[in-house]
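Reviewing the structure listed below.
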Amino acid sequence: MSFILNGRGMATQVSDTPVNTFLHLFRRYLRDQGLPVTQQRDAVAEVVFSSTENQSVEDLERKLRERGEKIGKATVYRTLEMLVKSGLVAEHDFGEGFKRYEHLFGQPPVREHLVCTECGKVTAIHSTALIRLHQEEAARHGFLPARYRLAIYGLCQECQEQGRSLRWEGLTCPIEMLD
Ligand SMILES: [Zn+2]
């Protein structure tokens, strides 16, 4: 059990959760790179590590504000760049015009998402049937898979209920988004 100072200068109790393990790894990465470990970088990293969602910069900024942190956009972007370089966080582009960030720890190298083309909601799906299928397909071709991504584009339930309809123009072919 230890204490950290939040943006209001108040001590917050922290336990040894996975978030702290990731924070520890990120601080070690910064030190290895000769970069200073700052309270602001810690705060951004903590918000990214605290959620298994694919978060946009807007989501992160909102959560930081809620925690009483005053961190400029440039610092948020710069920290995200460091997190991605450290290998602890993945940057995704779902063709929404902005990037989303997802921490990679404790997650299998499988990414399956439903992407709503109207409201931009991204939902992670986990299907053992799909995992088995991609493993079988790779094996059939004598291919050794490292990671796998699938995005299904369409309308989420809420958007359908609001009477929105699918627009086909401007849809990006998922295969073009594989990096
Ligand atoms: Zn939607």
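The values are calculated or read from the model by the stated rules, or taken from the named source; none is laboratory data. Worth saying up front: this structure is predicted, and the values here are computed from it rather than measured. Ideal geometry is used to build each Cβ from the backbone, glycine not excepted, and the neighbour counts take in all protein chains shown.
Quick look at the numbers
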{"read-out": "Conditions (1) acidic (Asp, Glu); (2) under 19 Å from Phe94 (Cβ atoms); (3) more than 16 Å from the ligand (Cβ to nearest atom): number failed by Glu158", "value": "(3)"}
{"read-out": "Subset of region 118-133 [farther than 13 Å from Asp93 by Cα, out of contact with any Cys (no Cβ under 8 Å at 6 or more places or on another chain) and not aliphatic (A, V, I, L, M)]", "value": "His126, Ser127, Thr128, Arg132"}
{"read-out": "Scan of region 122-159 for residues that are at pLDDT 85 or above, more than 30 Å from Asp59 (Cα to Cα) and touching a Phe, Trp or Tyr at 6+ places or on another chain (Cβ under 9 Å), ordered by number", "value": "Glu137, Ala138"}
{"read-out": "Of all residues making up region 57-86, the number that are exposed (fewer than 12 other Cβ atoms within 10 Å of the Cβ), in contact (Cβ under 8 Å) with a residue 12 or more places away in the chain and within 14 Å of Gln39 (Cα to Cα)", "value": "1"}
{"read-out": "Flag for Ala129 being among the small types (Gly, Ala, Ser) and either more than 16 Å from the ligand (Cβ to nearest atom) or out of contact with any His (no Cβ under 8 Å at 6 or more places or on another chain) (or both)", "value": "yes"}
{"read-out": "Residues satisfying the stated conditions in region 46-68, i.e. out of contact with any His (no Cβ under 9 Å at 6 or more places or on another chain) and in a helix (DSSP H, G or I)", "value": "Glu46, Val47, Val57, Glu58, Asp59, Leu60, Glu61, Arg62, Lys63, Leu64, Arg65, Glu66"}
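Residues are listed down the side, and each one gets a yes or a no for (1) surrounded by 14 or more Cβ atoms within 10 Å (Cβ to Cβ); (2) over 14 Å from the mean Cα position of the chain (by Cα); (3) assigned to a loop (DSSP other than H, G, I, E, B):
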| residue | (1), (2), (3) |
| --- | --- |
| His92 | yes, no, no |
| Gly97 | no, yes, yes |
| Arg100 | yes, no, no |
| Arg111 | yes, no, no |
| Ala129 | no, yes, no |
| Ala138 | yes, yes, no |
| Gly142 | no, yes, yes |
